[in-house]
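Participant: Got a structure here, written out as structure tokens. Questions coming.
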Amino acid sequence: MNDKILFIDNDSEILQMNKCYFENAGYSVFIAKNTNEAMPYIQNNTLSCIILEVTLPEVDGFTFCKQLRTFCNIPILFLSDRVMEDDKIHGLLYGADDYVTKPYSLRELDARIKVNIRRTQLSRTLDKQTSIWEFSSLCIHLLSHKVTWKKQEIPLSNREFDLLFFLAKNAGKICTFEAIGNSIWGSYLPTDRRSIMVNVSRLRKKMEHYIGNSTLIENVRSKGYRFKHN
């Protein structure tokens with residue numbers, strides 16, 4: 001079955017260009033010019049990925065992404081004409097899995113979509129015997145893609161979940177920025193360090209809120225992070 005993807009953009013030419021390219025690449029492609037048009041596709045289809053512009057009429061992409069994350073855990077990528085670092089950080093903070101700026105390479109966008117779809121699909125097909133990783137009262141449920149602390153769920157984005165699991169399965173080891181980027185983003189450039197730091201900071205704040213302890217994930221200066229578990 002073809003992966004179903006949804007592009008949401010206020011630019012009709014970009015929508016048609018993306019639709020043509022990605023249908024030729026083997027995807028089933030839906031397009032919408034605003035969030036109202038997008039919702040029926042999201043509600044009535046099993047989508048593999050949503051590609052979302054920030055600048056939209058009525059409801060902006062950041063707000064819509066945040067709304068989607070209350071009920072939807074499929075990959076969300078921003079594809080936007082807003083290129084400032086603060087915009088990228090906001091996108092990640094609101095729950096996006098990636099942020100691509102315009103103008104963009106269709107081949108690179110295709111690769112990023114594939115990486116995020118593959119990562120999500122792999123996490124859903126892991127062997128049931130290894131589907132739960134337990135660290136005292138912290139449990140990482142791989143099949144359901146959720147994390148609990150004393151049976152209370154900690155709401156995490158896809159990226160936060162993958163980041164926590166990568167650190168946890170390497171507990172006690174230093175996970176370098178490069179290793180994190182290659183494992184979770186599918187590649188690493190020095191400019192990705194800032195995005196990794198933002199995601200880790202957000203993850204640590206959520207962990208602290210629910211667990212009362214932010215030191216499970218230790219900062220290793222200039223190198224990366226380490227998951228501490230006694």
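Participant: If you take every residue apart from Gly26 with its C-beta less than 15 Å away from the C-beta of Gly26, what net charge results, scoring Lys and Arg +1 and Asp and Glu -1?
Facilitator: Numbers: positive: Lys4, Lys19, Arg107, Lys114, Arg118; negative: Asp3, Glu23, Asp110.
Residues near Gly26 contribute +2 overall.
Participant: Consider the candidate values [x] 21.3; [y] 18.3; [z] 19.2; state which one is Kirkwood radius over Cα pairs in Å computed from the structure displayed.
Facilitator: Working out Kirkwood radius over Cα pairs in Å from the coordinates points to [y].
Participant: What ranking do Leu167, Leu52 get, fewest neighbouring Cβ atoms within 10 angstrom at the top?
Facilitator: Working: Leu167 24, Leu52 27.
Starting with the residue having the fewest Cβ neighbours, the order is Leu167, Leu52.
Participant: On a 0 to 90° scale, report how tilted helix 35-44 is relative to the longest principal axis of the chain, with both axes built from alpha carbons and the result rounded to the nearest 10.
Facilitator: 70
Participant: Another question, then. How many Lys pairs in segment 1-142 lie less than 29 angstrom apart by Cα atoms, where the lysines are 8 or more positions apart or on different chains?
Facilitator: Close lysine pairs under the 29 Å cut-off: 23.
Participant: Continuing with this model, one more query. Would you work out which of Ile50, His141, Ile174 lies farthest towards the positive end of the dipole of the chain, given +1 charges on the beta-carbon of Lys and Arg and -1 on that of Asp and Glu, about the Cα centre?
Facilitator: Farthest along the dipole direction, towards plus: Ile174.
Participant: Here is a follow-up. Which of Cys20, Cys72, Cys65 comes first, and how do the rest follow, when ranked by fewest Cβ neighbours within 10 Å?
Facilitator: Details: Cys20 12, Cys72 16, Cys65 25.
With the sparsest Cβ surroundings first, the list reads Cys20, Cys72, Cys65.
Participant: Using only Cα atoms, find the angle between the long axis of helix 158-169 and the longest principal axis of the chain, and express it within 0 to 90 degrees, rounded to the nearest 10.
Facilitator: It is inclined by approximately 30 degrees.
Participant: What do you get for chymotrypsin sites (Phe, Trp or Tyr not before Pro) in segment 15-102 restricted to DSSP loop and a cutoff of at most 10 other Cβ within 10 Å of the site's Cβ?
Facilitator: On the way: sites: Tyr21, Phe22, Tyr27, Phe30, Tyr41, Phe62, Phe64, Phe71, Phe78, Tyr94, Tyr99; in loops: Tyr27, Phe71, Tyr94.
When the chymotrypsin sites (Phe, Trp or Tyr not before Pro) of segment 15-102 are filtered for loop state and at most 10 Cβ neighbours within 10 Å, Phe71 remain.
Participant: Percent antiparallel among DSSP beta bridges with both residues in segment 1-141, to the nearest 5? Before the final figure, lay out the partial values.
Facilitator: On the way: 4 of 20 bridges.
Here the antiparallel bridges make up roughly 20 percent for segment 1-141.
Participant: May I pose another question? Extending each Cα 7 Å along its Cβ direction at Leu143 and Gln67, get the distance between those two points in nm, one decimal.
Facilitator: Those two pseudo-labels are separated by 3.4 nm.
Coordinate-derived values only; no laboratory data. It should be emphasised that the depicted structure is a prediction, and the values quoted were computed from it without experimental measurement. As a convention, Cβ positions derive from the backbone with ideal geometry for all residues, glycine included, and neighbour counts pool all protein chains shown.
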